[in-house]
Every structure is written in structure tokens, then in C-alpha cells.
Amino acid sequence: MSDCVERLDDEQERRIRQFVSHWFGSFDRLTEESGYFMPYLADDVVITMPEGTFHGHDGFRDWYAIALSLFKSDCHHQLEQVEVQPAATAPSAGRTVYEVTMRIRLQAQTHSTSPMSGQPADFSLNETWRVSVNEAGNVLIHEYHVVPVNGDAE
């Protein structure tokens, strides 16, 4: 029984790591439409970014509009570190909640009308997500927290 649970955890970690890579690959394209991301966000997702705290799908859309106004498409999110651990909190809807901690390097061109005045962006971010995996094997983000490293991106 223990081996079965351990394999399940290994499978969940692999699934979550693949999801993280796919998520940032999709963000790199920075398309005009944010709808692609919605199925992967809990209805009550809480998103904390340097720009503020955003709640639910509408909050994500608001934040995404800010990102579109700052960065041009074809950004590059380099995953420098990714760790996946079961979270210390209670399971969500009978599912294990995982904490995903990441170090991301973002490199992007900015719009001339943005606060960065068209200067290239190149900074590191610490990200912490709380996610679960549903019965179909899809990852769902419940919390999404981003903090610049050493004053980057402030």
C-alpha cells in the first residue's frame, strides 16, 4: 500500500512539473486572450503579484491585462528551480494540495508606453503556488504568489 501511495505522489509531482513547464511556455506567447488559462485556475483563486492582489477569474483577467500592457509577446520564463511538496494545509475537496515553489528568470521586451519605457526586462522572481490535481489528472491552481528577488522588478 505504501509503495502505491509513493508512486501516486511521484506521478502527481511529474504531472505538476509538466504543467508548470507548459504554463510558462503558454505565458511566453502572451496572446491577447487570457481564456486559455481559466480551466487551470480555481474559481476562487487568489493571485498575489507585485502589481497587487487579484481574486478569481475576473482578477486573473485584470492582472493579465496589466501584463499585456507591460510586456510584448515572446517573453522567456526560464525555470531555474522547481520544488513540489504536499502542503501542510488540509486537502481541498478530498484532494491533496501541493505547494510548488519556483525561481523564475523573466526576460522580455516591454512596450514603450509601459512604466518600463520599452527597456528590456530581465529579473528573477520567486513564485509559490498551491495546486491540486483533479480526478482527470488536470492541475488546478488555488493560490499564485509572486515576489521579486532582491528588489528586481520593483
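The values are calculated or read from the model by the stated rules, or taken from the named source; none is laboratory data. Quick caveat, the model's predicted, so the values are computed rather than measured. All Cβ positions, glycine included, derive from the backbone under ideal geometry; neighbour counts span all protein chains shown.
For Phe27, state whether it is aromatic (Phe, Trp, Tyr), in contact with a Cys (Cβ under 8 Å, 6 or more places away or on another chain) and in contact (Cβ under 8 Å) with a residue 40 or more places away in the chain. Yes: the conditions hold for Phe27. When the stretch 102-154 is filtered for residues that are within 25 Å of Gln85 (Cα to Cα), of a type in the set (Asp, Glu) and surrounded by 14 or more Cβ atoms within 10 Å (Cβ to Cβ), the ones remaining, listed by number, are Glu127, Glu143.
For the stretch 12-20, check the following and say yes or no: at least one residue is outside any helix (DSSP H, G or I) and at pLDDT 95 or above. No. In the condition set (1) surrounded by fewer than 17 Cβ atoms within 10 Å (Cβ to Cβ); (2) not in a loop (DSSP other than H, G, I, E, B), Val84 is compliant with all but (1). In the stretch 125-151, the residues that are on the phi > 0 side of the Ramachandran plot reach residues that are among the charged types (D, E, K, R) and surrounded by fewer than 20 Cβ atoms within 10 Å (Cβ to Cβ) with C-beta atoms within less than 7 angstrom, at least six apart or across chains, in these pairs: Gly137/Arg15. Taking the stretch 23-46 as the range and being among the acidic types (Asp, Glu), out of contact with any Asp or Glu (no Cβ under 8 Å at 6 or more places or on another chain) and either under 18 Å from Ile66 (Cα atoms) or surrounded by 17 or more Cβ atoms within 10 Å (Cβ to Cβ) (or both) as the test, the residues that pass are Glu32, Glu33.
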